[in-house]
Amino acid sequence: MPLPYSKKVLELFRNPKNLGRMDDATVHAVAGNPACGDMITFYLKINDEDVIERATFESYGCAANIATSSILTEMIKGKSLEEAWGISWKRIAEEVGGLPSIKFHCGILAVGALRRAIRLYYKRKGAAPSWMPERLTFEEKQALEEEELAEVLSKRVGGGGADV
C-alpha cells in the first residue's frame with residue numbers, strides 16, 4: 001500500500017531543489033538511519049557574517065528523505081546560522097504538507113545533518129556561539145547513527161573510520 005504523501009512531497013521528490021555535491025562548500029556533514037537506509041549529506045557555503053549563501057544535499061533514500069532535505073536547503077538560504085539552527089523537523093514536515101508518521105525520521109535526519117554541519121563549522125573556528133547547546137540535540141544524535149554503524153562495520157572488516 002503506497003504511503004499517503006502530500007503533493008509537495010511528491011513534487012520535491014520528482015524535482016528536488018539544490019540536489020548535488022558542492023565542491024567549494026565551507027562545511028559538510030552526513031546523517032543517516034541504518035534502520036531504514038536513508039542517508040543525507042548536507043553542504044553549506046557560509047560567508048564571513050555566518051550567513052548561509054548556498055546549501056545543497058546528496059541523498060540516498062525515499063521520497064520523504066529527498067523532499068525534506070530539498071525543502072530545508074530552500075528554507076536556510078540567506079539565513080544566519082542561528083536562524084537555521086532554530087528550524088525544527090516539525091516545521092519541515094509542515095512545509096512539505098505533512099508526512100506520514102512512519103516518515104517523521106526524514107525531517108529529523110535533515111535537521112540533524114544541518115546541525116552537525118553548523119556545529120562542525122564552529123568547531124573549526126574554535127569557538128561555539130552562546131546560542132548553541134553544548135550537548136548534542138536529539139536530531140544530531142539521530143544523525144550520528146549512520147556514522148557509528150559505519151565505523152563498527154569498517155572495524156569488523158579491517159577498514160578505516162567514517163568522515164563527518
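Values in this text are rule-based calculations from the coordinates and carry no lab data. Being a predicted model, the structure only gives us computed values, none of them experimental. Cβ atoms come from the backbone with ideal geometry, glycine included; neighbour counts cover every protein chain shown.
Taking percent of Cα pairs over 21 Å apart as calculated from this structure, the corresponding entry among [x] 43; [y] 54; [z] 60 is [x].
Among Arg91, Arg116, Arg135, a tally of other beta-carbon atoms within 10 Å of each Cβ gives an order, fewest to most, of Arg135, Arg91, Arg116.
Restricting region 1-88 to GluC sites (Glu not before Pro) that sit in a DSSP loop and have at most 12 other Cβ atoms within 10 Å of their own Cβ leaves Glu49. Working from label points 7 Å from Cα in the Cα-to-Cβ sense, the Glu74 to Glu53 distance is 2.3 nm.
Between Tyr60 and Glu82, the distance separating the two model label sites (each 7 Å from Cα on the Cα→Cβ line) works out to 3.8 nm. With a Förster radius of 35 Å applied to the C-beta separation of Arg124 and Lys7, the computed FRET efficiency comes to 0.30. Taking a Cβ cut-off of under 13 Å around Asp23, the surrounding Lys, Arg, Asp and Glu residues balance to a net charge of +1, with basic ones at +1 and acidic ones at -1. Once C-alpha pairs closer than 8 Å and six or more residues apart are averaged by separation and normalised to the residue number of the chain, the relative contact order reads 26 percent.
The helix-only estimate of mean residue ellipticity at 222 nm for the chain, built from DSSP H runs of length n ≥ 4 each weighted as -39500 (n - 2.57), is -14500 deg cm²/dmol after division by the residue total. For Thr137, neighbours were defined as the other residues whose beta-carbon sits under 10 Å from its Cβ, and their charges (Lys and Arg +1, Asp and Glu -1) total +3. Cβ crowding within 10 Å, taken as a proxy for footprinting-reagent exposure, orders Thr68, Thr26 from fewest neighbours to most as Thr26, Thr68.
Of all complete DSSP H helices in the chain, those with a Cα span along the helix axis of 18 Å or greater and a mean Kyte-Doolittle hydropathy of 0.0 or more are 63-76, 104-125.
Neighbours of Glu53, meaning other residues whose beta-carbon lies under 14 angstrom from its beta-carbon, give a summed charge of -2 when Lys and Arg score +1 and Asp and Glu score -1. Straight-distance candidates among the aspartates and glutamates for linking to Lys141, with alpha-carbon spacing under 17 Å and chain neighbours fewer than 8 residues away dropped: Asp38, Glu151, Asp163. By the rule of a C-alpha distance below 16 Å, with chain neighbours fewer than 8 residues away ignored, the lysines paired with Lys8 are Lys17, Lys90, Lys103.
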